[in-house]
Amino acid sequence: KQWYQRRVAITAGDEGKTCHYIHPFDSPVVWDGHSTLIHEVVGQLASAGYEEPGAVVTCVGGGGLLAGIAHGMKHVHWDHVPIVAMETYGADSFNKAVKAGKVVKLDEITSCAKTLGKNYDMGF
């Protein structure tokens, strides 16, 4: 719940100010930034004599990094390359959301890393 409380405090009274709140994972701006990782991988693979990977392995929490990687892979025409996303047990909101076909709320985050899962209404 701390993350949500901080978001509310940060965004309260934003109107008319020159600062902007950028969501840490649910933002096309963030996805575009993360997509540049794939362009770096393209260059590194090419210098090693490879055209593309057999798969891309990443972690997933809120989904921003995963969305950016998928966006970058589409941009370089690697749509057919599998993405393997791993998530922390006990904070597996992404896995449960995929299985449910919708955004879900965890009853409890049992991982010691409490900020990796979603168990509250984020307000948007």
Exercise for the section: Can you work out which of the residues in the range 87-99 that are more than 14 Å from the chain's Cα centre (by Cα) and open to solvent by 70 Å² or more (accessible area, probe 1.4 Å) is nearest to Val57 (Cα to Cα)? Expected result: Tyr89
Problem - Test: residue in the range 48-60 that is acidic (Asp, Glu) and touching a residue at least 24 places away in the same chain (Cβ under 8 Å) - result: yes
Handout entry: Matching entry among Val60, Val76 (being out of contact with any Gly (no Cβ under 9 Å at 6 or more places or on another chain), of a type outside the set (Gly, Ala, Ser) and closer than 28 Å to Ser111 by Cβ)
Key = Val60
Practice task
Determine if the range 74-86 includes at least one residue that is buried (at least 17 other Cβ atoms within 10 Å of the Cβ), modelled with pLDDT of 85 or more and within 28 Å of His39 (Cβ to Cβ).
Solution key: yes
Fill in the blank from the handout: Inside the range 1-53, the number of residues satisfying the requirement of being open to solvent by less than 100 Å² (accessible area, probe 1.4 Å), at pLDDT below 90 and polar (S, T, N, Q) is 2
Problem - Those residues of the range 24-49 which are polar (S, T, N, Q) and in contact with a helix residue (DSSP H, G or I) (Cβ under 6 Å, 6 or more places away or on another chain), in sequence order - result: Ser35
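Listed here are the residues, each with its yes/no results for (1) hydroxyl-bearing (Ser, Thr, Tyr); (2) in a helix (DSSP H, G or I); (3) farther than 28 Å from Leu106 by Cβ; (4) touching an Asp or Glu at 6+ places or on another chain (Cβ under 7 Å).
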| site | (1), (2), (3), (4) |
| --- | --- |
| Phe25 | no, no, no, no |
| Trp31 | no, yes, no, no |
| Ala46 | no, yes, yes, no |
| Gly49 | no, no, yes, no |
| Glu52 | no, no, yes, no |
Handout entry: Matching residues, the range 56-96, being among the small types (Gly, Ala, Ser) and out of contact with any Lys or Arg (no Cβ under 6 Å at 6 or more places or on another chain)
Key = Gly61, Gly62, Gly63, Gly64, Ala67, Gly68, Ala70, Gly72, Ala85, Gly90, Ala91
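The values are calculated or read from the model by the stated rules, or taken from the named source; none is laboratory data. Just so you know, these numbers come straight off a predicted model, no measurement behind them. For neighbour counting, all protein chains shown are included, and Cβ atoms are generated from backbone atoms with ideal geometry for every residue, glycine included. Accessible surface areas use protein heavy atoms only, side chains included; no ligands, DNA or RNA. Shrake-Rupley method; radii C 1.70, N 1.55, O 1.52, S 1.80 Å.
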